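Here is the structure we will look at.
The values are calculated or read from the model by the stated rules, or taken from the named source; none is laboratory data. Because the structure is a prediction, the values reported are computed rather than measured. Cβ atoms come from the backbone with ideal geometry, glycine included; neighbour counts cover every protein chain shown.
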Amino acid sequence: MVKILVTGSSGQLGTVLTKELQKKYGINNVIASDLIIKPTFKGISEILDVTNIDALEKVVLQYKITQIYHLAAILSAKGEINPLRTWDINMKTLFNVLEVSRLHNIKKIFHPSSIAVFGDEIEKINTPQAPNLTPLTVYGMSKTAGENWVNYYHKKYGMDIRSIRYPGVIGYQSLPGGGTTDYAVEIYHKAVKEENFDCFLEASTMLPMIFMDDVISATIQLMEAPSENIKIRTSYNLAGMSFTPEQVYESIKKIYPDFKINYQPDFRQDIANSWPDSIDDSAAKRHWGWKPRYDLDEMTNVMIEKLKEYYHLEIKI
Ligand code: AKB
């Protein structure tokens, strides 16, 4: 019997992944948890601060949890506001999940990592799986350390912990918060509302990105793969597509020809400059059959169609 706990379930990815897990395993077998649960959420939920190990343990025991998807974290841009607090929260929540899982024999754990683990020393094009990791942000440092800690728990205690280095995630269902890739979601909202967009990155900043449907498929595919196929226990590189602000703007302009963009780079430009242009995810493809489905124009079509529906509904209410 699978009983899943999702931490950070109200976040950008958590909102969508929790629903998919409910569809797959049954609404009563997924426990959503976060500091705030949205009033629209349907299913079983707990207000949970994962920095509190006793509170986490109580939920794990109460629901007889067998799997944890630990999504709660402070992202790259927001994390720079208070670096030590970011380190503390990101690491403490991970240690609490690892220790409670070890003590209570949790069968599978998902730990998301990020392209933020990469830094200035990488080859920026088709960045390999295992280059020297010198991240520029505290978020990136916490993910790099986290990758090594989950590998350690796997090797030392035989725990089944799996991980993906997420590119920037783009979806219509939820808004990101505090990331460097957030512009690529906001730009669609502005276009559909027929407003101008102020972009906090330069026009030519190429970054790896992925559509929400693809990232959800990848996560579930990784978690369902036979254990012997998971040969990398730090974290897998994952690629969907790569584009610049200018390219996404041009893609949107095919539907909204009057859409206008202004470039006003801020501190997030330095973070973006330290990340790859594109990623080599051949290990994920070989080991557990990963295959992305969406390119930029396909994603743009879906984003615009769905956001038009969303804003139409908002106006009706
Ligand atoms: C961020 O921009 O911080 C995140 C990420 C790439 O991990 N979206």
Checklist outcome for this item: Within the range 62-82, residues within 30 Å of Asn273 (Cα to Cα), more than 14 Å from the ligand (Cβ to nearest atom) and either among the hydroxyl-bearing types (Ser, Thr, Tyr) or in a helix (DSSP H, G or I) (or both) come out as Tyr69
Checklist entry - Among Tyr153, Tyr139, Tyr157, which is crowded, with 17+ Cβ neighbours inside 10 Å and more than 16 Å from the ligand (Cβ to nearest atom)? => result Tyr153
Checklist entry - Taking only pairs six or more apart or across chains, which ones have beta-carbon atoms under 9 Å, a first residue in the range 163-185 that is over 18 Å from Tyr236 (Cβ atoms), and a second residue that is at pLDDT below 95 and near the ligand (Cβ under 10 Å from one of its atoms)? => result Ile170/Pro176; Asp182/Pro176; Ala184/Pro176; Val185/Pro176
Checklist entry - Yes or no: Ile53 of a type in the set (A, V, I, L, M, F, W, C), closer than 22 Å to Thr219 by Cβ and more than 16 Å from the chain's Cα centre (by Cα)? => result no
Next on the checklist: If a residue must be away from the ligand (no atom under 16 Å from the Cβ) and under 20 Å from the mean Cα position of the chain (by Cα), how many such residues does the range 101-125 contain?
Outcome noted: 2
Next on the checklist: If I go through the range 266-276 residue by residue, how many of them are closer than 21 Å to Ile122 by Cβ and not in a helix (DSSP H, G or I)?
Outcome noted: 4
Item to check | Residue count, the range 210-256 (criterion: part of a loop (DSSP other than H, G, I, E, B) and charged (D, E, K, R)) | outcome: 3
Checklist outcome for this item: Residue pairs within 8 Å by beta carbon, gap of at least six or interchain, first lying in the range 38-55 and of a type in the set (Lys, Arg), second assigned to a helix (DSSP H, G or I), listed first then second, are Lys38/Thr15; Lys42/Ile27
Item to check | Members of the range 165-199 that are part of a loop (DSSP other than H, G, I, E, B) and crowded, with 19+ Cβ neighbours inside 10 Å | outcome: Pro167, Gly171, Tyr172, Pro176, Gly179, Thr180, Thr181, Asp182
Checklist entry - Of the residues that make up the range 79-88, is at least one among the aliphatic types (A, V, I, L, M), surrounded by fewer than 22 Cβ atoms within 10 Å (Cβ to Cβ) and farther than 21 Å from Gly179 by Cα? => result no
Checklist entry - Going through the range 261-294 one residue at a time, which ones are exposed (fewer than 13 other Cβ atoms within 10 Å of the Cβ) and more than 16 Å from the ligand (Cβ to nearest atom)? => result Asn262, Gln264, Arg286, Gly289, Lys291, Arg293
Next on the checklist: Where the second residue is buried (at least 21 other Cβ atoms within 10 Å of the Cβ) and among the small types (Gly, Ala, Ser) and the first is more than 15 Å from Tyr153 (Cβ to Cβ) and lies in the range 86-99, which pairs have Cβ atoms under 8 Å and are six or more apart or on separate chains?
Outcome noted: Thr86/Gly79; Thr86/Ser142; Trp87/Ser142; Ile89/Ala73; Asn90/Ala73; Asn90/Gly79; Asn90/Ser142; Asn90/Gly146
